[in-house]
């Protein structure tokens, strides 16, 4: 049975992406599972991988992009237990998810709760894992604390706000004016990064307990200064 996947033979713009057809499905070896991919996300991270500018990414073309996916287990390799054929799973693949079928080590995918829409579930994988790790494993934010989120209207930014709301955090987020209502709806106080100085605002409230800054450079230094 043949299947299709997206590949790039060189880094570059969207034109480097090609749909190719493979003659036969990949066969799982011992310890592998084959997954029929139902959905894969298309994120800014995928764009950086395609351009060859994703920090720390060491793979070289030809390769398939695709940072995360949700799919159904299609075949088990020898010795695989604890996972069933037909079970819906999610995985943070980093690359390779733009395909109809793929192989993964059996201990890599995680079960997706029954009843979730695959397209909604895949939106959780990269953004919410990133936000959860930063909030709980790195910053170890405690209930009721204050945080600053840059890019609060973006994918990881909104995830931080939603998870932060569960902790009753006092949240401030920089965003463009068009995203301010979104930031408010998620429990944050928006700051227009074009016309307002976030550091002045943070100093006015006595500083924050944690600041999440994906911008870097001088902005990162000023975020550090916004801490209590």
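The values are calculated or read from the model by the stated rules, or taken from the named source; none is laboratory data. All values reported here derive from a predicted model rather than from experimental measurement. As a convention, Cβ positions derive from the backbone with ideal geometry for all residues, glycine included, and neighbour counts pool all protein chains shown.
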Checking residue 136 against (1) touching a strand residue (DSSP E or B) at 6+ places or on another chain (Cβ under 9 Å); (2) over 29 Å from residue 24 (Cα atoms); (3) outside any strand (DSSP E or B): exactly one of these is not met. Which one? (1)
What number of residues within the stretch 178-199 are in a helix (DSSP H, G or I) and within 19 Å of residue 219 (Cα to Cα)? 2
By residue number, the members of the stretch 71-87 that are farther than 11 Å from residue 111 by Cβ, free of Cβ contacts under 8 Å to residues at least 40 places away in the same chain and either assigned to a loop (DSSP other than H, G, I, E, B) or not assigned by TED's automatic domain parsing to the domain that holds residue 109 (or both) are 81, 85, 86
Condition test on residue 130, is it surrounded by 17 or more Cβ atoms within 10 Å (Cβ to Cβ) and within 21 Å of residue 204 (Cα to Cα)? no
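Conditions (1) farther than 30 Å from residue 38 by Cα; (2) touching a strand residue (DSSP E or B) at 6+ places or on another chain (Cβ under 8 Å), marked per residue:
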{"position": "140", "(1), (2)": "yes, no"}
{"position": "152", "(1), (2)": "no, yes"}
{"position": "155", "(1), (2)": "no, no"}
{"position": "169", "(1), (2)": "yes, yes"}
{"position": "188", "(1), (2)": "yes, yes"}
{"position": "201", "(1), (2)": "yes, yes"}
{"position": "204", "(1), (2)": "yes, no"}
{"position": "207", "(1), (2)": "yes, yes"}
{"position": "218", "(1), (2)": "yes, no"}
Condition (residue is assigned to a helix (DSSP H, G or I), touching a residue at least 12 places away in the same chain (Cβ under 8 Å) and under 30 Å from residue 189 (Cβ atoms)) applied to the stretch 106-120: is it met by at least one residue? no
Quick one: how many residues across the stretch 36-67 are in a helix (DSSP H, G or I), farther than 14 Å from residue 98 by Cα and touching a residue at least 40 places away in the same chain (Cβ under 8 Å)? 2
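For the subset of the stretch 18-35 comprising residues that are part of a strand (DSSP E or B) and free of Cβ contacts under 8 Å to residues at least 60 places away in the same chain, which member is farthest from residue 83 (Cα to Cα)? It would help to see each step written out before you state the result.
The initial filter retains those residues of the stretch 18-35 that are part of a strand (DSSP E or B), namely 18-22, 32-35.
So of that shortlist, the ones also free of Cβ contacts under 8 Å to residues at least 60 places away in the same chain come out as 18-22.
On the way: 18: 33, 19: 30, 20: 30, 21: 28, 22: 26 Å.
Looking at the filtered set, the residue picked out is 18.
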When (1) touching a strand residue (DSSP E or B) at 6+ places or on another chain (Cβ under 8 Å); (2) surrounded by 13 or more Cβ atoms within 10 Å (Cβ to Cβ); (3) more than 20 Å from residue 88 (Cβ to Cβ) are applied to residue 27, the one that fails is (2)
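Please tell me if residue 149 is under 21 Å from residue 126 (Cβ atoms) and either surrounded by 14 or more Cβ atoms within 10 Å (Cβ to Cβ) or modelled with pLDDT under 95 (or both).
yes
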The one condition in (1) in a helix (DSSP H, G or I); (2) touching a strand residue (DSSP E or B) at 6+ places or on another chain (Cβ under 6 Å); (3) within 12 Å of residue 150 (Cα to Cα) that residue 222 fails to fulfil: (2)
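Is at least one residue of the stretch 91-100 touching a residue at least 12 places away in the same chain (Cβ under 8 Å) and more than 25 Å from residue 14 (Cβ to Cβ)?
no
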Looking only at the stretch 200-219, how many residues end up being in contact (Cβ under 8 Å) with a residue 12 or more places away in the chain, within 26 Å of the chain's Cα centre (by Cα) and assigned to a helix (DSSP H, G or I)? 1
Taking the stretch 30-76 as the region of interest, how many residues are touching a strand residue (DSSP E or B) at 6+ places or on another chain (Cβ under 7 Å) and exposed (fewer than 15 other Cβ atoms within 10 Å of the Cβ)? 3
